[in-house]
Number of protein chains: 2
Amino acid sequence: THPHVISNHYLTQKFFFYFEVSLNEISLWPIPQKFQSSAVAFKLSPASFQIVHAKQSSAGPSCSILENAFRLETFSQLVYEDDYGANNINKTEISDFPRFAHRGILLDSSRHFLPLKVILANLEAMAMNKFNVFHWHIVDDQSFPYMSRTFPDLSQKGAYHPFTHVYTPSDVKMVIEFARMRGIRVIPEFDTPGHTRSWGNGKLDLLTPCYSGSSPSGTFGPVNPILNSSYDFMTEFFKEISTVFPDAYIHLGGDEVDFSCWKSNPDIQKFMVQQGFGTDYSKLESFYVQRLLDIVAATKKGYMVWQEVFDNGVKLKADTQIHVWKERPQYQDEMAKVTAAGFNTLLSTPWYLNRISYGQDWVNIYKADPQNFTGTDAQKKLVIGGEACLWGEYVDATNLTPRLWPRASAVAERLWSDKSVTDVGNAYNRLAQHRCRMVKRGIPAEPLFVGHCRQEYMGL
Amino acid sequence: THPHVISNHYLTQKFFFYFEVSLNEISLWPIPQKFQSSAVAFKLSPASFQIVHAKQSSAGPSCSILENAFRLETFSQLVYEDDYGANNINKTEISDFPRFAHRGILLDSSRHFLPLKVILANLEAMAMNKFNVFHWHIVDDQSFPYMSRTFPDLSQKGAYHPFTHVYTPSDVKMVIEFARMRGIRVIPEFDTPGHTRSWGNGKLDLLTPCYSGSSPSGTFGPVNPILNSSYDFMTEFFKEISTVFPDAYIHLGGDEVDFSCWKSNPDIQKFMVQQGFGTDYSKLESFYVQRLLDIVAATKKGYMVWQEVFDNGVKLKADTQIHVWKERPQYQDEMAKVTAAGFNTLLSTPWYLNRISYGQDWVNIYKADPQNFTGTDAQKKLVIGGEACLWGEYVDATNLTPRLWPRASAVAERLWSDKSVTDVGNAYNRLAQHRCRMVKRGIPAEPLFVGHCRQEYMGL
């Protein structure tokens, strides 16, 4: 006798899986919405085991993602080794779907270049934790590793190295396809008008020349918002981006625009007067962002933006997703404000995993809840999920993976499992086992605390 | 023309090396006591390059450590690649010796087992940073991975796993020899009477049975100090340790002894009365430690102990080294007290590298100085150095190396270079390059901040 998956339904945004299979030492992560296991155990035989479509399923073998999903993360977590090394699984019924549709990880490949294999390994870890969005913060002030077909000078002159520290078109394709086969969307972020220093190396006149007194200082500020050439460039650039990245959304950034350079520049000053902006440079920022959003909207993409764009009162399309990240004002207040205005929102503030401290910091990560703010049910429904962010100032290939995992797993369960799943002690036990499962699959997830993994160092 | 090392002297505790060799983009770490470089550059040819003994050197080709040291860390740091990939070195004269004789790293293989290759990789990194002591905190409460010939049950029953999570006699030999060839001493720590829970699994009656009211609770406390069998065991055990580890010193621990179990035990209470200790359990601790020190002294080894042993007034041999680690009282006061009593001392308090925080915490690590206390010159001379400690609660093979390096490198320079070397900006530039050198040698040292290494990802 061997187990079958006897049913699955395909619904918008949600998958239901029913298993009629096995279990004993359960350590599911994230924990499914509903499951019931029994003491009836089956042995798995590699030769005869298969997962089959349910009779009532609307999907069939033609759905490649579902076929691939039949490696099913949840299912594999039900399998345990007994004392004789045989693979066991107990009879279990699971009905599962995620609490939030948007469950993301942000990686930053600009502060440090991340080689392809690091990105792929983390996509694998994401799939193990049921994350479904890879937010690729691909470029920033420090370097521009994205190789553009339209503007090859951007990476040629803006990457740390023009050959070894770039993502070629085929690299990008591989990331997207590798992610797709694991049910993960790739949302690229091209942050403007701030955070663009590296863009200026390969695109002359894109950035605002800063002034020291009456003459240019030789340094540059945010994208120059008063030149038509800036918008012409963005039109061409985002036309390319909209075809390279198939996802329906692009993240346009819009955070932390420093006004000091704009203020120093006499041409900008003149423009402020002409436009009647007075000395309110956030109006100039909004002027830029408004035009950029129109440019991107013309590519038929939706957009995500950091919260400042909303805070500054930029007119946004109804389907815009507002990304909350600031610590002040409190994120609960910001989430309430954004949803009161009717916008979809997602949370990152408590999940800046680049911030580290001594001890078990996963507990506070685990306790944060994106719907924990004062608002109506309708407002709560506008929360589409959240993202764990690993900004790259202090991480590269040497330390990224153990720093991210299993801390990000705490976010994964918060975004997937039922709101009522909050028992830290129970979570500790399951997460410690889940972490060992990642280690066994070759992902160097760091330990939660003292102890060992049963399978580690077997070959040594 | 190719460079020669033209002189080296062998002196007690100190090596002097004179190079008549090359330099240009210098990034020495730790920085030598004296060096002078010139613009005269030589090309290195792999075929003809050699290091020779100086005519006035007292050592000869028969000294295997010195022969091996001719890979000389400092020399290799003088080599740089020019824009054409050729190896260059500028004419440089270096006279070097360490400021402190004891420059150590503590690794903890009990909270998590550390596979051999992690230990060896870190010995390699230690050599690159001129550390010369590997303090092997090999066993503790959580596990006993040291495989004893005399008491095989200790690891058989006290390790996380009796075959995969142990150090066999040949593993230990390999660590010692690998270290020796890099000029590194291996000082094992067998911490007693506290921190011994794992010992109790393989050695019945070694630990004190704790009581709950009038009956044993089933749990155990520190080593039982009132039984002769405890001392018989320690005599046999340390006889083995003294032959397995060739170094002249053994670290005997002695920290954090919890008195609550002793207090609960009626036999211990009776013994306290008999000995006239009243209710001062530190007297009982001293009673144990005193006998242990006599046992170890009989093996002809010197000993290191954590500061509590000194604080509790145990009578110590004159050559005992007191290891300062506590935050309260301030370590400066403790160093003053210990040296005023005439003992050698070494510092770890500011160098608990298991403690992490966000950002560039290497700066505070770098700023600490073990002679920064109020005392006479004679007292200052009793400071033999320090150790960076990486306690193992939150680290194992997945994250140990990038967490330790290059943060430990900051300790390395403090212990090697002249007291006056304190410029953080200058250190940043050299350390960033030194970190890239470690990465190039296959040691995943984490980045200090944004940027990249010239040689990284070349093959990708």
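The values are calculated or read from the model by the stated rules, or taken from the named source; none is laboratory data. Here the structure is a predicted model, which means the values were calculated and not measured. Every residue, glycine as well, gets a Cβ built from its backbone with ideal geometry; the counts of neighbours run over all protein chains shown. We work out accessible area using only protein heavy atoms, side chains counted, and drop any ligands, DNA or RNA first. Shrake-Rupley method; radii C 1.70, N 1.55, O 1.52, S 1.80 Å.
Per-structure values
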quantity	calculated
Solvent-accessible area, 1.4 Å probe, carbon plus sulfur percent, for chain A	53 percent
Beta bridges by DSSP in segment B:210-330, antiparallel share as percent, to the nearest 5	25 percent
Amide H within-cut-off set for A:F220, under 5 Å, with H built and near neighbours excluded	A:C210
Antiparallel bridge percentage (DSSP; both residues within chain A; nearest 5)	40 percent
Theoretical FRET efficiency, 1/(1+(r/R0)^6), r = Cβ-Cβ of A:S217 and B:D255, R0 51 Å, to 0.05	0.35
Exposure ranking of A:E93, B:E124 by accessible area [1.4 Å probe, largest first]	A:E93, B:E124
Other copies of A:G213: label-to-label distances in nm, shortest first, labels 7 Å along the beta-carbon direction	8.8
Phi to ³J(HN,Hα) by Karplus 6.51 cos²θ - 1.76 cosθ + 1.60 over segment B:268-279, Hz, x for Gly, Pro	5, 4, 4, 4, 4, 5, 3, 7, x, 7, x, 10
Peptide-level mean, for A:436-448, of C-beta atoms on other protein chains within 10 Å	3
Length gained when the stretch B:A340-B:T422 is fully extended (0.36 nm per residue, less Cα-Cα span)	26.8 nm
Accessible surface of B:K239 - all protein chains present, 1.4 Å probe, nearest 10 Å²	130 Å²
Rh by Kirkwood over Cα pairs, then Stokes-Einstein D for chain A at 1.567 mPa s and 4 °C, µm²/s	55 µm²/s
Note, ³J(HN,Hα) from phi for segment B:353-369, Karplus 6.51, -1.76, 1.60, rounded to Hz, x at Gly and Pro	6, 4, 6, 10, 8, 6, x, 8, 6, 5, 5, 5, 4, 5, 6, 5, 9
Spread of Cα-to-Cα distances over 10 Å intervals beginning at zero, given as percent, for segment B:302-460	10, 35, 31, 18, 6, 1, 0
Estimated [θ] at 222 nm from DSSP helical runs (n ≥ 4, -39500 (n - 2.57)) normalised by residues in chain A, nearest 500	-9500 deg cm²/dmol
Accessible area (Å², per residue) of segment A:102-441, counting only protein heavy atoms and a probe of 1.4 Å	37 Å²
Size of segment B:288-389 as Cα extents on the principal axes (Å, biggest first)	48, 30, 22
Label geometry 7 Å along the beta-carbon vector: B:K326 inter-copy distances in nm	4.7
Surface accessible to a 1.4 Å probe, A:W416 within the full protein complex, Å²	30 Å²
Under 25 Å from A:K380, Cα to Cα: lysines that are on another chain or at least 8 residues apart	A:K14, A:K34, A:K130, A:K301, A:K315, A:K317, A:K326, A:K337, A:K367, A:K419
Radius 10 Å from Cβ of B:M128, net charge of other residues (Lys, Arg +1; Asp, Glu -1)	+2
Per-copy distances of the A:A368 label point, shortest first, in nm (7 angstrom along Cα→Cβ)	3.0
Heavy atoms of A:F113: accessible area, 1.4 Å probe, square angstrom to 10	10 Å²
Amide H contacts under 5 Å for A:R185, placed H, 5+ residues apart	A:V133, A:F134
Potential lengthening between B:N364 and B:R149 on full extension [0.36 nm per residue; Cα-Cα distance subtracted]	73.1 nm
Cβ neighbours within 10 Å from other chains - mean over A:350-361	3
For residues of A:158-166, the mean tally of beta carbons on other chains within 10 Å	3
Chains B and A together, accessible area buried on both sides, 1.4 angstrom probe, square angstrom	3700 Å²
B:M272, B:M458, B:M147, ranked by accessible area, largest first (probe 1.4 Å)	B:M458, B:M147, B:M272
Which of A:R414, A:R437 is most accessible, then next, and so on - probe 1.4 Å	A:R437, A:R414
